[in-house]
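Structure record follows, encoded as C-alpha cells.
Nothing in this text is a laboratory measurement; each read-out follows from the coordinates by a stated rule. Being a predicted model, the structure only gives us computed values, none of them experimental. Glycine also receives a Cβ, built like all others from the backbone with ideal geometry; neighbour counts cover every protein chain displayed.
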Amino acid sequence: MLEARIFTLYPDFFPGYLGQGIFGKALSENKWKIDTVDIREYAFDKHKTVDDTPYGGGEGMLMKADVLAKSIDKNVKDGEKIIYLSPKGKLFNHQLAKQLSQEKTINIICGHFEGVDERLLKTRNIEEVSIGDFVLSGGEGASFVILDAILRFIPGILGNTNSAKDESFENGLLEYPQFTKPQIWEEKSVPDVLLSGDHAKIKDWRLSQSEAITRDRRPDLWQLYKKTKEN
Ligand code: SAH
C-alpha cells in the first residue's frame with residue numbers, strides 16, 4: 001500500500017479532491033494512505049516562525065532549514081523517498097509517476113514564499129521535482145498533480161485496469177481521437193473505420209492518428225519515439 005506523507009503549512013487542504021471519486025473510494029478501501037505533517041508545529045519559537053529573510057538580500061522569505069529538518073527527522077524513516085516540489089526540479093512525467101508508484105512511502109514537501117534554504121535539500125537527500133515551467137505560489141497544488149498521476153498506477157485504483165495502458169505517453173505517443181454515442185452529432189459522424197468492427201484496421205488507424213498528433217503537437221516526443229522505433 002502506498003503511503004503519501006505531505007509536509008505542508010496547510011494540512012486542511014488534504015486529502016482535498018483525492019478524498020473523492022475513485023481515489024476516495026480507494027482511500028476508504030485502504031489501497032493507499034495519506035497523512036499530513038503540519039510544518040508549523042515544528043517551529044522553535046512561540047510565534048511559530050517557519051520562514052525568514054534570504055541572506056544576500058532579495059525579495060520575499062525562505063522556509064527555514066532547521067524547522068523543516070525537524071519536521072522531517074521526526075516523521076521520515078530511513079530510506080524513504082523525499083520529494084521537494086520546486087520549479088528547479090526534475091520535470092515530472094509519466095515515467096517518473098510510474099517509478100514513484102513503486103515506492104512504499106513518498107514524503108512530499110510543499111514549499112511556500114520563495115522556497116526553502118538550500119542546505120535542507122543537500123543534508124536530507126531530497127529529490128527536487130517540478131510539474132512544469134511556471135511558478136506556483138505553493139507546492140500543495142503540485143502535490144495533488146503528482147499524486148493523482150502516481151495513484152493511477154497503483155493496482156486496483158483505476159476501475160478498468162486496462163484504461164491506463166492505452167493512454168497518452170504509455171507508448172511514447174499522445175492518444176488518438178475518441179468518440180462515443182450518438183453516432184451522428186451536429187451532422188458529424190464518427191470515423192467509418194470505428195464502425196467497421198475490423199479490430200486490426202481500428203488498431204492501425206488509431207496508431208496512425210496517434211503518430212500524426214504527436215508529430216504535430218509534440219516534436220520532442222516524436223523525435224524520441226522515432227529513435228526508439230529505429231532501435
Ligand atoms: N523562488 C522560487 C519559486 C518559489 S514558488 C523559484 O524561483 O524557483 C513557491 C513554492 O511553490 C515552491 O517552494 C514550490 O514548492 C512550489 N512550486 C512553484 N512552482 C512549482 C512547480 N513548477 N513545480 C512544483 N512546485 C512548484
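Laid out as a table, the results:
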| read-out | value |
| --- | --- |
| Out-of-range pairs (alpha-carbon distance over 25 Å; input 81/229; 25/165; 181/229; 104/165; 98/226) | 81/229; 181/229 |
| For residue 67, net neighbour charge (Lys/Arg +1, Asp/Glu -1) across residues whose Cβ lies under 13 Å away | -1 |
| The stretch 2-151: antiparallel DSSP beta bridges as a percent of all, rounded to 5 | 10 percent |
| Efficiency of FRET between residue 1 and residue 77 - r from beta-carbon atoms, R0 22 angstrom, step 0.05 | 0.90 |
| DSSP-assigned coil residues among chymotrypsin sites (Phe, Trp or Tyr not before Pro) in the stretch 20-126, each with at most 13 further Cβ atoms within 10 Å | 44, 55 |
| Partners for residue 122 among aspartates and glutamates (Cα-Cα distance below 17 Å; same-chain residues under 8 apart left out) | 66, 73, 78, 80 |
| For the chain, radius of gyration divided by Kirkwood radius, i.e. Rg to Rh on alpha-carbons | 1.07 |
| Neighbour-count ranking [beta-carbon atoms within 10 angstrom, fewest first] of 228, 123, 36, 8 | 228, 123, 36, 8 |
| Summed residue charge, Cβ within 11 Å of residue 174's Cβ, Lys/Arg positive, Asp/Glu negative | -2 |
| Sparse-neighbourhood loop sites, GluC sites (Glu not before Pro) in the stretch 1-54 - DSSP loop, at most 13 other Cβ within 10 angstrom | 29 |
| Efficiency of FRET between residue 186 and residue 216 - r from beta-carbon atoms, R0 25 angstrom, step 0.05 | 0.55 |
| Alpha carbon centroid spacing (whole Å) that separates the stretch 162-231 from the stretch 122-149 | 30 Å |
| Selection of trypsin sites (Lys or Arg not before Pro), the stretch 113-189, meeting DSSP coil and at most 13 other Cβ within 10 Å | 165 |
| CD proxy at 222 nm, helix term only [per DSSP H run n ≥ 4: -39500 (n - 2.57); per residue of the chain; nearest 500] | -9500 deg cm²/dmol |
